[in-house]
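What follows is one structure encoded as structure tokens, with my remarks underneath.
The values are calculated or read from the model by the stated rules, or taken from the named source; none is laboratory data. Note that this is a predicted model, so its numbers are computed, not measured. Positions of Cβ are backbone-derived with ideal geometry, glycine not excepted, and every protein chain shown enters the neighbour counts. Each accessible area value is taken on the protein alone, full model and side chains, heavy atoms only, with ligands, DNA and RNA left out. Shrake-Rupley method; radii C 1.70, N 1.55, O 1.52, S 1.80 Å.
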Amino acid sequence: MDVNTKKIIKNAWRVTKERGVTCLRIRVPGGHLEVKYLDLLKEIAEKYGNGTVHLTTRQGFEIPGIQMNKIDEINQMLAPVIQGLEMELGVPVTDETAGYPAAGTRNVAACIGNRVCPFANFDTTKLAGKVEALIYPNDFHVKIAISGCPNDCIKGHLHDIGVMGMVEPVYNQQRCIGCQACVKNCRQVSTGALSFVNYKVRRDPLRCTGCGECVLKCPAAAWTRGKQSYRLVIMGRTGKKNPRLARPFLEWADETVVLQVIKNMYAYIDRHIDRSLPKEHVGYIVDRTGYPVFREEALAGVTLNPEARVAAWMDWSGYRYERTSNMV
Amino acid sequence: MGFALTTEQFDAFLAGLARDYDIYAPKRLAGKGAFSGTDLIAYAPVQSLAEIVFDRKTFYSPKEILLPISQTLFYFTEEAYREPQQQQRPVIIFLRPCDVHAVKRLDQIYLHNGDQADPYYRERREKVKFFVMECTEGFDSCFCVSMGTNRTGEYAVFLRLEADRVLCDARPEFTPALAAYGREAPFTPAFIEQNKISVKTPEKIAPAVYGHPLWSEYDSRCIACGRCNVCCPTCTCFTMQDIFYEDNPRCGERRRVWAGCMIDGFTDLAGGHSFRNKYGERMRFKALHKVYDFKKRFGDHMCVGCGRCDDVCPEYISFSRIINRLAEVSDDE
Amino acid sequence: MNNPYLPVKAKILDIQKQTAIDYTFRLAAGLHVQSGQFVELSIPRVGEAPISVSDFGDGFIEMTIRRVGKLTNVVHELKPGEELFIRGPYGHGFPLEQFRGRHLVVAAGGTGLAPVKSVLNRYYHNPEEVKSLNLLAGFKSPADVLFAAELEKWAQKFSVTVTVDKGDENWTGNVGLITGYVQKLVLSNPAGTQVIVVGPPLMMKFTIREILGLGVPPENIWVSFERKMCCGLGKCGHCKIGDTYVCLDGPVFNYTRAGQLVD
Ligand SMILES: Cc1cc2nc3c(=O)[nH]c(=O)nc-3n(C[C@H](O)[C@H](O)[C@H](O)COP(=O)(O)OP(=O)(O)OC[C@H]3O[C@@H](n4cnc5c(N)ncnc54)[C@H](O)[C@@H]3O)c2cc1C
Ligand code: SF4
Ligand code: SF4
Ligand code: SF4
Ligand code: SF4
Ligand code: SF4
Ligand code: FES
């Protein structure tokens with residue numbers, strides 16, 4: 001049996017532990033799809049696979065138990081999925097009957113967002129679609145996740161880029177009845193950015209995370225939604241060396257800025273990646289170049305919206321597996 | 001007298017009125033809903049018919065026009081104090097029959113409870129004209145028919161919106177203006193005669209009802225957020241606040257701000273004493289105020305059955321169900 | 001605009017320190033007051049609060065104010081000659097007509113003595129208006145005793161029993177809850193006796209129980225209520241209990257009504 005593993009991996013097929021058997025990865029940008037696609041996935045799993053699918057942490061499907069010699073046949077069948085879930089978002093695919101054009105950049109995951117969740121500050125699935133169109137297909141190994149609010153239910157903090165929705169709460173003191181529901185709640189679940197002074201509420205804009213909880217809690221619509229924007233956290237990772245939570249890079253950034261920065265990050269990777277390695281994650285590239293280089297290149301040509309703030313420096317968190325002197 | 005106006009004619013009529021009146025109506029405030037991507041239907045100034053929302057109930061009631069959420073009673077300067085200049089222009093409010101009745105409830109408290117009328121309220125109240133929006137379908141949570149608030153004759157203009165025209169019934173005060181823009185046409189206002197929900201109000205409350213287990217359900221279900229008070233067109237309570245200005249502590253103001261009996265602090269006395277600490281007790285207090293105490297004192301129920309408190313409760317507590325349960329246990333006791 | 005919310009200035013004529021936290025303020029004010037009524041007292045920019053008129057006379061009113069919070073803290077810092085703001089008086093006072101020619105018992109707990117002080121002074125000056133008067137005043141400790149001078153003065157004309165919950169080494173008077181002394185009262189004609197009970201909620205509850213036990217009919221018992229109040233005019237709703245507005249219909253209630261009120 002002769003199989004070009006590099007080629008099939010790039011085509012979103014796995015080399016599995018069972019010889020001659022592969023597993024198909026399906027991308028679902030934003031983790032939300034019309035159920036009609038499930039019929040096709042079911043058909044593939046029943047006809048070619050072992051009748052099961054695996055739901056991945058990245059909100060894709062893996063269909064295991066497929067013979068490698070069926071790859072071309074199944075790629076043909078996949079055309080409607082690639083059309084509906086990729087090309088319709090604006091992803092450039094030259095031949096939709098040839099399977100996925102790349103697998104390095106992973107599916108863009110998103111929490112359920114404001115299509116359902118009351119806390120969400122925006123439509124996460126929709127933004128995931130825009131990001132997908134911007135960065136896919138691409139071979140660089142990059143993980144991006146999008147959450148509707150700083151709760152970060154999709155765990156953007158474990159991604160190379162985590163996007164979280166923010167909203168500027170706008171206060172109308174004429175409508176405030178002084179119940180302090182917002183003040184107490186911000187202290188309990190968020191950052192304690194609100195205080196009650198002279199029977200009215202004061203917001204410390206440097207503390208506020210833009211979660212929008214105050215808007216949700218106010219019985220009188222004294223808080224309403226102002227400009228919606230984003231926080232970008234970067235270089236979170238798991239892995240076998242140095243796991244860490246992502247750190248905030250941008251706050252109160254608008255959508256144009258976010259998309260440009262993501263695009264710029266690919267150029268940065270392209271410029272600095274160590275091509276002698278089979279693959280290098282962007283976080284390790286930043287470890288080599290240092291944060292200032294990343295910041296400069298990520299913001300190259302970007303006009304920041306006036307409210308946006310950028311991290312002046314980084315104190316990366318995380319730990320190293322090999323430093324285990326506490327294990328006795 | 002009846003009139004028919006095309007949409008354009010009605011807008012011209014409104015534009016004419018705007019010279020003398022501030023005009024408030026239910027309006028869609030884009031993006032102002034609490035949840036992202038949602039709108040708030042609330043009272044706001046309008047200029048044209050297209051801005052007026054007929055097919056949705058407002059989240060907040062029109063009472064805020066008569067009774068501002070936060071109202072300065074007077075300003076203090078170093079030595080003297082002065083009342084705010086009211087200079088309130090006359091106001092037209094587009095509202096449904098239940099909300100007209102609700103204003104009558106506000107009148108009871110602010111004009112007729114005790115021997116002194118509230119001058120701030122009276123000043124605004126005297127300048128208000130009602131433009132009643134015909135309401136024959138209602139909404140899922142309404143129970144105005146049970147509360148007897150589905151009909152009203154108290155309007156300056158009564159209007160029905162049709163596909164491309166507005167039918168109006170006007171009191172003499174407004175007939176010349178309507179005649180100037182539209183043409184005469186027979187029109188008899190219609191009212192809703194049956195809601196999806198009906199309630200039975202309690203006749204007599206036995207002492208046992210106060211401690212009835214019915215209320216304890218709300219100890220845990222209710223979160224005391226006060227939305228039901230704030231959205232209610234008939235809740236009238238307020239708290240006094242004195243403040244000084246930060247940039248000049250010798251000057252300040254005394255104002256009043258809406259209060260609600262479901263919200264913490266409503267009964268707080270100095271020294272930490274308070275009443276109705278359990279949310280179920282607050283619910284009992286509110287429910288009895290709405291459908292028992294007020295009637296005992298003034299002759300009408302306070303609640304007008306607009307159903308807003310049902311619509312806005314984040315914990316899906318239905319006030320109409322509470323009324324019916326209350327009536328049931330009162331019959332039993 | 002005839003505006004009942006507007007307060008008027010009243011000059012402080014005199015301040016008497018009753019206890020560490022209770023001061024009596026005499027203000028220059030020509031109000032027409034009934035015993036048991038209250039005024040809304042304020043300092044602009046600080047706050048407003050309902051305070052009973054503890055006594056009144058030609059051109060003055062007196063209030064005995066306990067230092068407990070925002071407004072009262074500032075009030076206690078004032079000196080004679082400075083000004084306070086008042087509006088009122090509000091509410092219904094004690095039905096002195098019904099007390100005429102009757103036996104009267106007054107049971108007061110702590111600051112509850114303030115709203116009845118003017119009643120007691122009235123009968124001190126006009127003892128013939130009642131058949132007898134019996135005052136029972138209970139305080140937490142000797143340091144909390146209010147109107148010490150008046151208590152001595154009143155004792156010359158009618159029966160006065162002062163008790164403290166807990167004495168100290170200098171206290172030679174009665175010790176024990178007021179309810180115990182109510183229990184010991186001997187009423188010659190319970191049905192012909194009028195009773196005033198004022199004080200903290202628990203004190204009132206248990207005292208009334210004892211009074212009823214002595215055979216006094218509920219319609220002869222009078223109480224004064226304290227609730228949060230923001231207007232005194234029947235508008236703000238804070239003082240409402242059932243269909244009753246304490247500021248309008250009270251603060252003095254006959255027990256037949258007060259006993260029915262459920263907060
Ligand atoms: C009819 C009546 C008569 C009273 N008579 C007296 C008296 O003779 N002497 C005396 O010392 N006190 C009296 N009080 C209690 C007095 O009103 C409070 O102690 C006072 O409001 C405390 O105000 P503060 O700003 O110092 O305290 P804070 O605790 O700072 O109070 C803040 C606010 O809470 C409200 N509030 C707190 N406690 C009360 C209360 N008990 N009643 C009404 N509103 C309250 C007020 O709106 C006040 O502005 C009386 C209360 C009532 C209802
Ligand atoms: S948006 Fe969130 S963090 Fe900011 S003030 Fe509101 S509740 Fe607090
Ligand atoms: S929740 Fe709304 S009404 Fe309450 S204090 Fe906050 S802003 Fe004011
Ligand atoms: S709206 Fe609902 S949860 Fe909030 S106070 Fe009213 S009943 Fe309770
Ligand atoms: S209690 Fe509820 S239904 Fe009744 S008037 Fe108020 S908001 Fe409307
Ligand atoms: S229901 Fe509560 S908030 Fe509403 S008017 Fe009655 S007491 Fe006031
Ligand atoms: S004190 Fe405002 S209603 Fe009684």
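Which one is farthest from B:ARG19 (Cα to Cα), of the residues in the range B:178-200 that are buried (at least 18 other Cβ atoms within 10 Å of the Cβ) and out of contact with any strand residue (DSSP E or B) (no Cβ under 8 Å at 6 or more places or on another chain)? Ranking the candidates gives B:VAL199 first. Applying the criterion of at least 3 residues that are in contact with a helix residue (DSSP H, G or I) (Cβ under 7 Å, 6 or more places away or on another chain) and without any contact (Cβ under 8 Å) to a residue 40 or more places away in the chain to the strands (runs of 3 or more DSSP E) found wholly in the range C:86-164 leaves C:132-139, C:159-164. So which pairs qualify, if the first residue must be in the range A:110-139 and more than 10 Å from chain B (Cβ to nearest Cβ), the second must be of a type in the set (Phe, Trp, Tyr), the Cβ gap must be under 7 Å, and the two must be at least 6 apart or on different chains? Here the result reads A:ILE135/A:TYR266; A:ASN138/A:TYR266, each pair linking the range A:110-139 to a residue that is of a type in the set (Phe, Trp, Tyr). Of all the listed residues (C:VAL216, C:VAL195, C:VAL223, C:VAL262), the sole one being assigned to a loop (DSSP other than H, G, I, E, B) and either touching a Leu at 6+ places or on another chain (Cβ under 6 Å) or away from every other protein chain (no Cβ under 14 Å) (or both) is C:VAL216. Being away from ligand 5 (no atom under 16 Å from the Cβ) and closer than 20 Å to B:ILE197 by Cα is the filter here; which residues of the range B:124-150 pass it? Of everything in the range B:124-150, those that are away from ligand 5 (no atom under 16 Å from the Cβ) and closer than 20 Å to B:ILE197 by Cα turn out to be B:GLU134, B:THR136, B:GLU137. Of the residues screened, C:TYR90 is not one that is open to solvent by less than 20 Å² (accessible area, probe 1.4 Å) and either at pLDDT below 95 or over 18 Å from C:ASP55 (Cβ atoms) (or both).
Sub-6 Å Cβ pairs linking a first residue in the range B:213-238 that is not assigned by TED's automatic domain parsing to the domain that holds B:GLN108 to a second residue that is within 16 Å of ligand 2 (Cβ to nearest atom), at least 6 apart or interchain, are B:CYS225/A:PRO219; B:GLY226/A:CYS179; B:GLY226/A:PRO219; B:ARG227/A:PRO219; B:VAL230/A:PRO219; B:VAL230/A:ALA220, ordered by first then second residue.
Here the condition is being within 14 Å of chain C (Cβ to nearest Cβ) and within 16 Å of ligand 5 (Cβ to nearest atom); of B:CYS231, B:CYS235, it holds for B:CYS235 alone.
What number goes with the only condition from (1) touching a strand residue (DSSP E or B) at 6+ places or on another chain (Cβ under 9 Å); (2) within 16 Å of ligand 6 (Cβ to nearest atom); (3) under 20 Å from B:SER36 (Cα atoms) that A:CYS186 does not pass? Of the numbered conditions (1) touching a strand residue (DSSP E or B) at 6+ places or on another chain (Cβ under 9 Å); (2) within 16 Å of ligand 6 (Cβ to nearest atom); (3) under 20 Å from B:SER36 (Cα atoms), the odd one out for A:CYS186 is (2).
For beta carbons closer than 6 Å, sequence separation of 6+ or different chains, a first residue in the range C:232-257 that is more than 13 Å from chain B (Cβ to nearest Cβ) and a second that is of a type in the set (D, E, K, R) and away from ligand 3 (no atom under 16 Å from the Cβ), the qualifying pairs are C:THR256/C:GLU219. Counting the residues of the range B:292-322 that are closer than 19 Å to B:LEU214 by Cβ, within 15 Å of ligand 4 (Cβ to nearest atom) and not aromatic (Phe, Trp, Tyr) gives 10. With respect to A:VAL189, is the statement that it is away from ligand 1 (no atom under 16 Å from the Cβ), of a type in the set (Val, Ile, Thr) and either under 28 Å from B:GLN71 (Cα atoms) or open to solvent by less than 60 Å² (accessible area, probe 1.4 Å) (or both) true? No, not satisfied. Might you let me know whether the range B:297-307 holds any residue that is of a type in the set (Asp, Glu), within 26 Å of A:TYR199 (Cα to Cα) and either within 14 Å of chain C (Cβ to nearest Cβ) or within 16 Å of ligand 7 (Cβ to nearest atom) (or both)? No, because not a single residue in the range B:297-307 is of a type in the set (Asp, Glu), within 26 Å of A:TYR199 (Cα to Cα) and either within 14 Å of chain C (Cβ to nearest Cβ) or within 16 Å of ligand 7 (Cβ to nearest atom) (or both).
Residues that are open to solvent by less than 20 Å² (accessible area, probe 1.4 Å) and more than 16 Å from ligand 4 (Cβ to nearest atom) within the range B:206-234 comprise just one, B:VAL209. Of everything listed in (1) more than 8 Å from every other protein chain (Cβ to nearest Cβ); (2) out of contact with any Leu (no Cβ under 9 Å at 6 or more places or on another chain); (3) closer than 30 Å to C:ALA49 by Cβ, the single unmet condition for B:CYS225 is (1).
Could you tell me which of the residues A:THR94, A:THR22 is assigned to a strand (DSSP E or B) and over 19 Å from the mean Cα position of the chain (by Cα)?
Within the list A:THR94, A:THR22, the selection yields A:THR22.
For the range C:1-32, a residue qualifies if it is under 24 Å from B:ASP118 (Cα atoms) and in contact with a helix residue (DSSP H, G or I) (Cβ under 8 Å, 6 or more places away or on another chain), and the qualifying residues are C:MET1, C:ASN2, C:ASN3, C:PRO4, C:TYR5. In the range B:238-247, the qualifying residues are those that are within 8 Å of chain C (Cβ to nearest Cβ) and more than 17 Å from C:CYS236 (Cα to Cα), and the one that is nearest to ligand 1 (Cβ to nearest atom) is B:ILE243.
Return a yes/no flag: does the range B:151-160 have any residue that is among the aromatic types (Phe, Trp, Tyr), away from ligand 5 (no atom under 16 Å from the Cβ) and open to solvent by 20 Å² or more (accessible area, probe 1.4 Å).
Keep residues of the range B:151-160 that are among the aromatic types (Phe, Trp, Tyr), which gives B:155, B:158.
Then drop every residue that is not away from ligand 5 (no atom under 16 Å from the Cβ), which leaves B:155, B:158.
Checking the rest, the ones that are also open to solvent by 20 Å² or more (accessible area, probe 1.4 Å) come to B:155.
So far as the range B:151-160 goes, yes, one or more of its residues are among the aromatic types (Phe, Trp, Tyr), away from ligand 5 (no atom under 16 Å from the Cβ) and open to solvent by 20 Å² or more (accessible area, probe 1.4 Å).
Of the residues making up the range A:154-172, those that are assigned to a loop (DSSP other than H, G, I, E, B) and away from ligand 2 (no atom under 16 Å from the Cβ) are A:ILE154, A:LYS155, A:HIS159, A:ASP160.
Among all residues of the range A:229-239, there is none that is more than 16 Å from the chain's Cα centre (by Cα), at negative phi and surrounded by fewer than 20 Cβ atoms within 10 Å (Cβ to Cβ).
Yes or no, residue by residue, for (1) within 16 Å of ligand 6 (Cβ to nearest atom); (2) of a type in the set (Gly, Ala, Ser); (3) surrounded by fewer than 23 Cβ atoms within 10 Å (Cβ to Cβ):
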site	(1), (2), (3)
C:VAL8	no, no, yes
C:ALA20	no, yes, yes
C:VAL33	no, no, yes
C:SER54	no, yes, no
C:PHE60	no, no, yes
C:LYS70	no, no, yes
C:PHE94	no, no, no
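Residue-level check: of (1) free of Cβ contacts under 8 Å to residues at least 12 places away in the same chain; (2) over 22 Å from B:GLN9 (Cα atoms), B:ASP55 misses just (2). Condition (residue is farther than 30 Å from B:ALA42 by Cα, crowded, with 20+ Cβ neighbours inside 10 Å, in contact (Cβ under 8 Å) with a residue 40 or more places away in the chain and touching a His at 6+ places or on another chain (Cβ under 8 Å)) applied to the range A:81-95: is it met by at least one residue? Among the residues of the range A:81-95, not one is farther than 30 Å from B:ALA42 by Cα, crowded, with 20+ Cβ neighbours inside 10 Å, in contact (Cβ under 8 Å) with a residue 40 or more places away in the chain and touching a His at 6+ places or on another chain (Cβ under 8 Å), which makes the answer no.
Looking at B:THR267, is it outside any loop (DSSP other than H, G, I, E, B), within 16 Å of ligand 1 (Cβ to nearest atom) and facing another protein chain (nearest Cβ under 8 Å)? Spelling it out, it is not the case that B:THR267 is outside any loop (DSSP other than H, G, I, E, B), within 16 Å of ligand 1 (Cβ to nearest atom) and facing another protein chain (nearest Cβ under 8 Å). For B:CYS135, the requirement of being touching a Cys at 6+ places or on another chain (Cβ under 7 Å) and assigned by TED's automatic domain parsing to the domain that holds B:ASP55 is not met.
Within the range A:143-180, the set of residues being at positive phi and either of a type in the set (Phe, Trp, Tyr) or within 16 Å of ligand 3 (Cβ to nearest atom) (or both) comprises A:GLY178, A:GLN180.
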